[in-house]
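Below is one structure, written out as structure tokens, with a few remarks after it.
Read-outs throughout are calculated quantities, based only on the coordinates presented, and are distinct from any laboratory measurement. If you're wondering where the values come from, they're calculated on a predicted model, not measured in any experiment. Quick reminder, even Gly has a Cβ in these numbers, built from the backbone with ideal geometry, and neighbours come from all protein chains shown.
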Amino acid sequence: MTTSSASKVRVRFAPSPTGSLHIGGLRTALFNYFFARSRGGTFVLRIEDTDQTRFVRDAERNILSGLAWVGIRPDEGSREGGEFGPYRQSQRQALYALYAQQLIDEGHAYYAFDTLDEIDVMRERHASEGDPSPQYDAVTRGEMTNSLVLPGEEVQRRLERGDEYVIRLKADPGGRITFRDHIRGRVSFSTSGIDDQVLIKSDGMPTYHLANVIDDHDMRITHVIRGEEWLSSVPKHILLYRAFGWEPPEMAHMPLIMNPGGKGKLSKRHAAAQGLPVTVEQCRQAGYEPEAVVNFLALLGWHPGEDRELFTLDEMTELFSLDRVSGGGVQFDVRKLNWFNQQYVRGFSVDELLERAEFWLRGLHSASTVDLFKDEARQRRIASLMQPRIAFAKDLAETGGYFFEDPAAYDETAVGKRWKEDSAELLSVYADRLEAASAFDAEQAEAILRALAEERGAGAGRIIHPVRLAVSGVPGGPSLFEMMEVLGKDVCARRIRKAVEVLG
Ligand code: GLU
């Protein structure tokens, strides 16, 4: 590898704006980003929006904000600009037309005027047991209405008249295409299955194949790193590179992300049925941290070569290499994603955790009955009490909701098990004594409770469990007395009296 500017690494993430950024797309972006950064190269974002029928408004914004959320920024792209723009294919139509014309002029492509019906008729005519769906190719093109068959003046007349046409590549049959893929090794395809692919559609737009090849060449892309679903397009692309007389970029096709259980490519439908977050937006809405999503996705197919599993974006960038990406499909295991999230959430500083939780706290408890929002010290105590028990920052607001609101209900199973006949009476006395106490903190709350238990000859648990229920509504959580200290005397007494009234 030389280091001249001609061989400087340039990679691209080339999503089609057809919907929300999928996690598979984000993984592709990440691997490209890691590769570019690890090689001192450039990461390009190209928007492949030539298929007008699949275009979704706002999809581009969604893609950009998904990338920004995980902290990756293209060096060149539709928003950043750059030397090789525009970076939106719909704005490059003139370039594709020029190149398509070049192929026609050099005899590598031709105009085809056939209607879809005419192509169907041809298919029926040629269909046989051995070849149930014949194609528009070297075998059949001679019988069709195209510029290889029609006299030149007739072609000209049709073009001037404005007849609908497509431009097709004149693919030579009977060869083999072999290339080396960085992940899959040597790959070989026969060209006999390849038709005379459409390059320019009747609406004047290029097909994915044409635009993709022209842009990868024109934007000086050195490595194409993308999902395995594109592997079968490579032969078509190589035929195009040959027709243009260009050198194809190096290729790396990443393993597919499979449905949990390993059956087939991860599908939106399957994911929806299982409630799995498969778009970046869904991950955000479900409360995943970007660091966890990135770490999880990076290890879907890439082995860093170390035993540990937690890596920052920078560390992964440093360690990344394509030869550590495996070829086999990888499973989307949401438990693993949750585990990563838990690791990050537990590793945050308390202030960081609070910052991540703020959105959820404000959303759920803006009308809090306990005014903790103004008290930062108390917020920090809540966060550190909860941190070892949660997997999501939003759990601070959800699981820990009792820090902000009086319980609206009491866990029924726990009530059945823990609320005894004497609970109401014991708790009333406890509340009286709490209120009467001169000082209130965890130690005091505990001492008063234990003294009461001893006096009545009851185990402390007989009071602790119902008090916990009264104060939080649920059976588990952080140390009861610490929790009570954070809540304060008045709130605790109020909640205990309320439970006595409700549960009797
Ligand atoms: N536009 C294609 C996609 O949506 C790009 C495939 C490629 O990277 O060549 O994934």
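Tabulated data
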quantity	calculated
Unsatisfied cross-links (Cα-Cα over 21 Å) in the set Lys263/Lys394; Lys236/Lys268; Lys170/Lys265; Lys374/Lys489	Lys263/Lys394; Lys236/Lys268; Lys170/Lys265
Calculated FRET value between Ser349 and Arg125, using beta carbons and R₀ = 45 Å, to 0.05	0.05
Derived scalar couplings ³J(HN,Hα) [region 320-333; Karplus, 6.51 cos²θ - 1.76 cosθ + 1.60; whole Hz; x for Gly, Pro]	5, 8, 5, 6, 9, 9, 8, x, x, x, 10, 8, 7, 10
Per-residue HN-Hα couplings for region 169-184 [Karplus 6.51, -1.76, 1.60; θ = phi - 60°; Hz; x = Gly/Pro]	7, 8, 8, 7, x, x, x, 10, 10, 10, 8, 9, 9, 4, 9, 9
Selection from Ala252, Gly301, Gly24, by position along the positive dipole direction of the chain (Cβ)	Gly301
Computed magnitude of the charge dipole of region 347-420 (debye, nearest 20; Cβ of K, R +1, Cβ of D, E -1)	320
0 to 90° range, to nearest 10: angle between helix 93-105 axis and the chain longest Cα axis	30
Between region 191-225 and region 420-456, the alpha-carbon center distance in angstrom	77
Relative contact order (percent, whole number), region 43-201, Cα cutoff 8 Å, 6+ residue spacing	20
Nonlocal amide H pairs with Met251, under 5 Å, H built at 1.01 Å	His182, Val224
Relative contact order for the chain, counting Cα pairs under 8 Å that sit 6 or more residues apart, in percent	12
Relative packing of 11-21, 250-260, which averages over residues the other C-beta atoms within 10 Å, highest first	11-21, 250-260
Peptide ranges 119-128, 314-323 listed from the most packed, as the mean C-beta count within 10 angstrom indicates	314-323, 119-128
Rounded tilt (10° steps) of 461-472 against the dominant C-alpha axis of the chain	50
Phi to ³J(HN,Hα) by Karplus 6.51 cos²θ - 1.76 cosθ + 1.60 over region 347-364, Hz, x for Gly, Pro	x, 5, 5, 4, 5, 4, 4, 5, 5, 5, 7, 4, 3, 6, 4, 5, x, 8
For the chain, calculated [θ]222 nm from helices alone, where every DSSP H run of n ≥ 4 adds -39500 (n - 2.57)	-13500 deg cm²/dmol
In degrees, nearest ten, helix 489-503 long axis to first principal axis of the chain (Cα)	90
